[in-house]
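The values are calculated or read from the model by the stated rules, or taken from the named source; none is laboratory data. In this text the structure is predicted, and so the values were computed from the model without any measurement. Note that each Cβ is placed from the backbone with ideal geometry, even for glycine, and that neighbours are counted across all protein chains shown.
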Amino acid sequence: MKSIIKPVMLTMLLLLTFFNPTFADQQYVQGKVYELEEHHDHHHMYPLVGAHVVWLGTSSGVATDEEGNFDIPVTVELPHKLVFSYIGYQSDTLLVENAEETVSAVLEASAELEEVEVTGRRPGAHVSSLDPVLTNVITDSEMQRAACCNLAEAFETNVSVDVSYSDAVSGAQQIQMLGLAGTYSQLMLENMPGIRGLGEPFGLTYIPGPWMESISVSKGAASVVNGYESVTGQINVDLKKPEADERFYFNAFASNDRQFESSVNASFDLNPNWSAMVMAHGEYFDNHIDHNHNSFLDHPLIKKYNVLNRYRYDRPGVMDSQFGFNLMQEERQGGQKDFFTNGARFGSSDYYGYGTNTSRFQAFARTGFYFDDMPDASLGTQLNFTHHSHDAHYGTNTYDGEQNTFYANILFGNTFNHPDHEFVTGVSFLFDDYEESLNDSIFDRQEIVPGAFFEYTYHTHERFTAVAAFRADYHNLYGTIFTPRAHLHFNVHENTTIRASAGKGYRVPNLIAENTGLLVSNRQIIVAEEVELEEAWNYGGSITQRFRLFGNEASLVGEFYRTDFINQLVVDVDTEYQSAIFYNLDGDSYANNFQLELNAEPIRFLEITAAYRHTDVKMTIGDELRRKPFTNRYRGMISASYATRSNDWQFDLTAQFNGPSRIPEVPGSAIDMHHDFEWRSESPSYTILNAQVTYRWQNLDIYVGGENLTDFYQKDPILNPHSPFDDGFDGSLIWGPLMGRKFYMGVRFSIDRM
């Protein structure tokens, strides 16, 4: 199979170089439409999405895309007038002299009519029709369909991303995409490195749901602009901005198991060019729950404080800069109930206690510069610094770590004398400093990686787009890394879109941070050889078909992606039960992922999503090609959302169908230590049901809901829990939910700009 990768890549690059459709001779006029918003004594211009651009006196027209751009064919004799219009805005008309000129229009809001209100419902999630990479965009309205208290809970209505627990004690969560661990998906925060390195075990909980504006989930080979680490895709989180309509936001959440969370966001204008925003979040859980009576807490005790302060400086047409910082402090404790009732200390061998104290600091700055003499050109800089430190105790094991990361990216974009030919190029620099220790073992290292990249995009008026890209990086530990990637995007006609991609990705594994679940066991960690750089090819594609169902718009997306590893870190928990052996791949390792997703509106105001995914993931463990543990063979989902005509009430229901996964082998001697434990080679299939009801009154939302209404949870998440310091203790064999049925309620209050 690996032998076909290079021919596939070469074919895509040849298509990019030689594709020249006959319709390319058609002349087009390009431009952009802005909306003008007044703010007290100043104003801002924003791209206007969905504005109509029509040749005067004809029906020939187009709509602006997600960035306000349009590309209209010349069907009249020039000079001729273009008419720009949008509901609620004053129309504008401009004279176009020739097809070479770039047109810009600014629309102002019409005078408001009293006692007339037009309301609509924004779709919660959608697939971007213009992006050459298959990208599913999850908006804040989609996240509000569930108790989205953090990033880990934002994917409950999305079948592409799985979230699971890594062990039964710490509450650490991990994601899977395209059948592989989330470490192979680049997690970005506003297109800069987000959660990586030592922050990965609990990183999904570091980004509160009320802070997020949208999440973009891209599958397959990602852009080289953001580095070489993406193998299966990219998850980019956009946070709320100071210049957005929302001026004040408050959210409070409480559940029946005494989990409390609250967030406050506030934005304000400092002067016509400066705006600022403060976001604060707190979480508190102090309930000693042990529903399965195995002597261990079902959920760790948590205290968390999280604050983000950001600023924006905007000079339209000259520069736009955003910068800020984030501070977070978290304390987690868990283990046996008797550890707390008897006042034991961490590290004690009398009772099993778990505790982690984490401190994080992040500072970021993004700046874009624009040029009067080069209207298509822009220069951007991205700077990010992250400090992460934690000290943790897993029973008698001590795990401490400190990470300092500096990231810089400078990119320049322009066209090759024609809007159809675009490019982005630049240089980057990554510095990682790790100080990590597990008991007496030291895992310190420094990574210094300068790099350069070039990405060329050829498109023909929203019908065909091809991207060829490469980057070269020099890693101080692993030498030169060359990363080629390519994408094709073809609108066969207005309702059918085909995408294809191929590319390479690399990753430096973090042995302990990515496998902290193993610390909740008495396994001996054995590093059999020096760990090498992970390297893999990913290729695949998708077909999106839009059609009408029951008189309303609907879409069906079919996709297939395959990942082939050249080298991979193997974590072998099958060969020896009392050991976890780390070594480099010697054989085959691959992941096949097939998915179908239907989105429809069978009746007005009722949105339905139905999806099915089949996953085949195998890797060579020892000398045998075996199914990867804890990866569901299939997963399905049906999600429904109904809102009343006035949008005062909203009802959401999601059913998740989870297929079986392989469980690592457990010897009979270990099973005998726990008389209630029934070992099986595969986990059972199970269904999770979530529901929520929301009532809206003016600026206030009141929501109540339930999670895991089927009350299904893994009955024996810990082997030999009553003797946690003896052989046979293992809390890392997690294949299902750890908590049963939960009910919650909350309020959201917001004030928008006037």
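Every residue, every condition in (1) at pLDDT below 95; (2) surrounded by 15 or more Cβ atoms within 10 Å (Cβ to Cβ); (3) not assigned by TED's automatic domain parsing to the domain that holds Ser255, yes or no:
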residue	(1), (2), (3)
Asn593	no, yes, no
Asn599	yes, yes, no
Phe605	yes, no, no
Tyr612	no, yes, no
Asp616	no, yes, no
Thr631	yes, yes, no
Ser669	yes, no, no
His674	yes, yes, no
Glu682	yes, no, no
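Condition check: among the aliphatic types (A, V, I, L, M), in the same structural domain as Phe260 (by TED's automatic domain parsing), surrounded by 17 or more Cβ atoms within 10 Å (Cβ to Cβ) and over 23 Å from Ala280 (Cβ atoms). Does Leu301 satisfy that? I'd like the intermediate steps shown before the answer.
Values: among the aliphatic types (A, V, I, L, M): yes; in the same structural domain as Phe260 (by TED's automatic domain parsing): yes; surrounded by 17 or more Cβ atoms within 10 Å (Cβ to Cβ): yes; over 23 Å from Ala280 (Cβ atoms): no.
Against the criterion (among the aliphatic types (A, V, I, L, M), in the same structural domain as Phe260 (by TED's automatic domain parsing), surrounded by 17 or more Cβ atoms within 10 Å (Cβ to Cβ) and over 23 Å from Ala280 (Cβ atoms)), Leu301 does not qualify.
Considering each of Ala363, Ala408, Ala377 in turn, give the residue that is modelled with pLDDT under 95, more than 20 Å from Glu514 (Cβ to Cβ) and either in a strand (DSSP E or B) or touching a strand residue (DSSP E or B) at 6+ places or on another chain (Cβ under 6 Å) (or both). Step through it out loud before you land on a result.
Values: Ala363 fails: modelled with pLDDT under 95; Ala408 fails: modelled with pLDDT under 95.
Sole residue among the options that is modelled with pLDDT under 95, more than 20 Å from Glu514 (Cβ to Cβ) and either in a strand (DSSP E or B) or touching a strand residue (DSSP E or B) at 6+ places or on another chain (Cβ under 6 Å) (or both): Ala377.
Going by the structure shown, is Ser214 among the small types (Gly, Ala, Ser), closer than 23 Å to Glu283 by Cβ and not in a helix (DSSP H, G or I)?
Working: among the small types (Gly, Ala, Ser): yes; closer than 23 Å to Glu283 by Cβ: yes; not in a helix (DSSP H, G or I): yes.
Yes: the conditions hold for Ser214.
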Within region 570-586, of all residues that are part of a strand (DSSP E or B) and in contact with a helix residue (DSSP H, G or I) (Cβ under 7 Å, 6 or more places away or on another chain), the one nearest to Gly622 (Cα to Cα) is Val571
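Out of curiosity, is Thr615 in a strand (DSSP E or B) and out of contact with any Asp or Glu (no Cβ under 8 Å at 6 or more places or on another chain)?
Values: in a strand (DSSP E or B): yes; out of contact with any Asp or Glu (no Cβ under 8 Å at 6 or more places or on another chain): yes.
It is true that Thr615 is in a strand (DSSP E or B) and out of contact with any Asp or Glu (no Cβ under 8 Å at 6 or more places or on another chain).
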Does region 432-447 contain any residue that is part of a strand (DSSP E or B), out of contact with any Lys or Arg (no Cβ under 9 Å at 6 or more places or on another chain), under 30 Å from Thr381 (Cβ atoms) and among the hydrophobic types (A, V, I, L, M, F, W, C)? no
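For (1) more than 14 Å from Tyr352 (Cα to Cα); (2) in a loop (DSSP other than H, G, I, E, B); (3) modelled with pLDDT of 95 or more, each residue gets a yes or a no:
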| residue | (1), (2), (3) |
| --- | --- |
| Val704 | yes, no, yes |
| Tyr713 | yes, yes, no |
| Ser723 | no, yes, no |
| Ser732 | yes, yes, no |
| Pro737 | yes, yes, no |
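Going through Ala392, Ala344, Ala377, Ala363 one at a time, which residue ends up being on the phi < 0 side of the Ramachandran plot and free of Cβ contacts under 8 Å to residues at least 12 places away in the same chain?
Numbers: Ala392 fails: free of Cβ contacts under 8 Å to residues at least 12 places away in the same chain; Ala377 fails: free of Cβ contacts under 8 Å to residues at least 12 places away in the same chain; Ala363 fails: free of Cβ contacts under 8 Å to residues at least 12 places away in the same chain.
Exactly one of Ala392, Ala344, Ala377, Ala363 is on the phi < 0 side of the Ramachandran plot and free of Cβ contacts under 8 Å to residues at least 12 places away in the same chain, namely Ala344.
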So is Ala472 assigned to a strand (DSSP E or B) and in contact (Cβ under 8 Å) with a residue 40 or more places away in the chain or not? no
Of (1) more than 28 Å from His387 (Cα to Cα); (2) touching a Leu at 6+ places or on another chain (Cβ under 7 Å); (3) surrounded by fewer than 19 Cβ atoms within 10 Å (Cβ to Cβ), Arg315 fails just (2)
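For the structure I just gave you, tell me whether Ile566 is within 23 Å of Asn510 (Cα to Cα) and in contact with a helix residue (DSSP H, G or I) (Cβ under 9 Å, 6 or more places away or on another chain). Don't jump to the end; show me each part of the working.
Numbers: within 23 Å of Asn510 (Cα to Cα): yes; in contact with a helix residue (DSSP H, G or I) (Cβ under 9 Å, 6 or more places away or on another chain): yes.
So Ile566 fits the description; yes.
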Kindly indicate the residue of region 536-568 that is surrounded by fewer than 21 Cβ atoms within 10 Å (Cβ to Cβ) and acidic (Asp, Glu) and also farthest from Glu597 (Cα to Cα) among those meeting that condition. Asp564
Residue satisfying condition, being among the acidic types (Asp, Glu) and farther than 30 Å from Asp716 by Cα, within set Asp338, Asp298, Asp373: Asp373
Inside region 253-304, the number of residues satisfying the requirement of being under 14 Å from Pro242 (Cα atoms) and among the charged types (D, E, K, R) is 1
Residue count, region 243-281, condition more than 28 Å from Met45 (Cα to Cα) and of a type in the set (A, V, I, L, M), comes to 3
Residue count, region 569-588, condition farther than 11 Å from Leu511 by Cα, out of contact with any Pro (no Cβ under 7 Å at 6 or more places or on another chain) and of a type in the set (Ser, Thr, Tyr), comes to 2
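Among the residues of region 90-140, write down those that are over 30 Å from Val557 (Cβ atoms), modelled with pLDDT of 60 or more and either out of contact with any Leu (no Cβ under 9 Å at 6 or more places or on another chain) or small (Gly, Ala, Ser) (or both).
Correct list: Ser91, Ala99, Glu100, Glu101, Thr102, Ser104, Ala105, Ala109.
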Residues that are outside any strand (DSSP E or B), over 26 Å from the mean Cα position of the chain (by Cα) and over 20 Å from Ser166 (Cβ atoms): does region 380-399 have at least one? no
Filter region 687-743 for residues that are surrounded by 21 or more Cβ atoms within 10 Å (Cβ to Cβ) and touching a Lys or Arg at 6+ places or on another chain (Cβ under 6 Å) and give the result. Glu707
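Filter the strands (runs of 3 or more DSSP E) completely within region 133-187 down to those with at least 3 residues that are in the same structural domain as Ala691 (by TED's automatic domain parsing) and farther than 22 Å from Ala691 by Cβ.
Details: elements: 135-139, 161-165, 173-177.
Fully inside region 133-187 and qualifying: 135-139, 173-177.
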Could you check, for region 336-357, whether at least one of its residues is farther than 25 Å from Asp286 by Cβ and touching a Leu at 6+ places or on another chain (Cβ under 7 Å)? no
Against the definition (more than 27 Å from Leu709 (Cα to Cα) and basic (Lys, Arg)), how does Arg332 come out, yes or no? no
Region 640-659 - residue that is out of contact with any Lys or Arg (no Cβ under 8 Å at 6 or more places or on another chain) and in a strand (DSSP E or B) and, of those, farthest from Val693 (Cα to Cα): Ala655
